């Protein structure tokens, strides 16, 4: 995106990511998954800073678009490897998939734990669209950070180092 519209979109996404990431960190300091929640907050915060500083971190348009698309879809699909299972109540068995947010789940009710698990394994998977969108955004921002880091490293390599003369 070029011009004023691109700058406006970059600014809005950067502000939302920065504020959202910092808020996520503050709200989840004592969360049950502190490491995962801290990673999510830091990635969103760093992505917001990169988007808000185009004069410090220039992003090549096509490479950034490709990296965010590949990282968003690929990371979300790779996150399906993470699986969680819970047994609760009188008896509910819940299986979830997705990282950092579980966006695919199935559950079953039964008179005992074995029946609940069997019902859950026979039920269909349900998609949580909000968590799916959050995962896609998280991984897209992670891809954006990879492009930004590569650009900064490339610029640093081009700067000639001062040498000491004897």
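A short reminder: the numbers here are calculations on the coordinates, not readings from a lab. Values in this document were obtained by computation on a predicted structure and should not be read as measured data. Reconstructed Cβ throughout: ideal geometry from the backbone, glycine too, with neighbour counts over all protein chains shown.
What residue, among those in the stretch 26-44 that are more than 14 Å from residue 138 (Cα to Cα) and assigned to a helix (DSSP H, G or I), is nearest to the chain's Cα centre (by Cα)? So the residue we want is 35. Annotation: of all residues in the stretch 45-72 being without any contact (Cβ under 8 Å) to a residue 12 or more places away in the chain and in a helix (DSSP H, G or I), the one that is surrounded by the most Cβ atoms within 10 Å (Cβ to Cβ) is 65.
Residue-level analysis places residue 130 among those that are within 22 Å of the chain's Cα centre (by Cα), surrounded by fewer than 13 Cβ atoms within 10 Å (Cβ to Cβ) and within 30 Å of residue 61 (Cβ to Cβ). Residue 24 meets all of the listed conditions (1) in contact with a helix residue (DSSP H, G or I) (Cβ under 9 Å, 6 or more places away or on another chain); (2) more than 19 Å from residue 153 (Cβ to Cβ); (3) touching a residue at least 40 places away in the same chain (Cβ under 8 Å) but one, namely (3). Of all the criteria given as (1) part of a helix (DSSP H, G or I); (2) farther than 19 Å from residue 153 by Cα; (3) in contact with a helix residue (DSSP H, G or I) (Cβ under 8 Å, 6 or more places away or on another chain), the one not satisfied by residue 6 is (3). For the stretch 79-120, filtered to residues that are assigned to a helix (DSSP H, G or I), out of contact with any strand residue (DSSP E or B) (no Cβ under 7 Å at 6 or more places or on another chain) and touching a residue at least 12 places away in the same chain (Cβ under 8 Å), the residue that is surrounded by the fewest Cβ atoms within 10 Å (Cβ to Cβ) is 81.
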